[in-house]
Amino acid sequence: MRALKGIYVALAQRILVIEDEVVLARNVKIFLERRFPDVRVAASGRCAIKLLDSFSPDVLVLDFHLPGQTGLQIYAEIMRHRESPINCIMVTGYPLEHIGPSARALGIRYLLGKPFKLGDLQCLIDRSSEERPAPGIERRRTAKALLPQSGVYN
């Protein structure tokens, strides 16, 4: 988020939430729509990939545990179909240290442990949208260490 003459402007404008838990997906969408003009939800990786034919998000909010595939598999599939990477925040109930190395290898910079505060998600979206994703090794180099006190992998 950047300040412009006392007004805060969100850098991310389009967000895709990929989450199969209906209540969580709805709550995240309602919360994010207060600040971001275009928030869409897909309940599965297949729905997300289909939606990406007509929608180009600035940031993905991606659940790790989805029907039929992990969030890591879905992110890898999405990146195979894109010319440029998309910043991604992966949310999960799994131990962050188990997912972190694989997420970093794909270029995912942020993991957020469930349950999480919606405000924490918003902060990560702001941070993510200020960064430019870079393909391959450059993206992996920018990943930082696990921050266990916050439940956020950065």
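The values are calculated or read from the model by the stated rules, or taken from the named source; none is laboratory data. As the structure is a prediction and not an experimental result, all values here were calculated from the model. Cβ atoms come from the backbone with ideal geometry, glycine included; neighbour counts cover every protein chain shown. Side chains are part of the model used for accessible areas, which takes the heavy atoms of the whole protein and leaves out ligands, DNA and RNA. Shrake-Rupley method; radii C 1.70, N 1.55, O 1.52, S 1.80 Å.
Summary table below
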item: Flag for Leu111 being over 17 Å from Glu131 (Cβ atoms), modelled with pLDDT of 95 or more and either open to solvent by less than 60 Å² (accessible area, probe 1.4 Å) or not in a helix (DSSP H, G or I) (or both); result: no
item: Condition met for Phe55 (over 21 Å from Cys123 (Cα atoms), at pLDDT below 95 and among the aromatic types (Phe, Trp, Tyr)); result: yes
item: Matching residues, region 82-105, being within 25 Å of Ser56 (Cβ to Cβ), in contact (Cβ under 8 Å) with a residue 40 or more places away in the chain and not small (Gly, Ala, Ser); result: Pro85, Ile86, Asn87, Cys88, Val91
item: Test: Met79 is under 21 Å from Ile125 (Cβ atoms), within 14 Å of the chain's Cα centre (by Cα) and either touching a residue at least 40 places away in the same chain (Cβ under 8 Å) or not in a strand (DSSP E or B) (or both); result: yes
item: Selection status of Gln69, over 23 Å from Glu131 (Cβ atoms), open to solvent by 50 Å² or more (accessible area, probe 1.4 Å) and modelled with pLDDT under 95; result: yes
item: Hey, Tyr94 open to solvent by 30 Å² or more (accessible area, probe 1.4 Å) and among the aromatic types (Phe, Trp, Tyr) or not; result: yes
item: Tabulated pairs, region 112-124, first of a type in the set (Asp, Glu), second modelled with pLDDT of 95 or more and open to solvent by less than 50 Å² (accessible area, probe 1.4 Å), C-beta under 9 angstrom, 6+ apart or interchain; result: Asp120/Leu112
item: Subset of region 40-70 (residues that are aromatic (Phe, Trp, Tyr) and touching a helix residue (DSSP H, G or I) at 6+ places or on another chain (Cβ under 7 Å)); result: Phe64
item: Region 47-70 residues that are at positive phi, paired with ones that are of a type in the set (Ser, Thr, Tyr) and part of a loop (DSSP other than H, G, I, E, B) (beta carbon under 8 Å, 6 or more apart); result: Gly68/Ser44
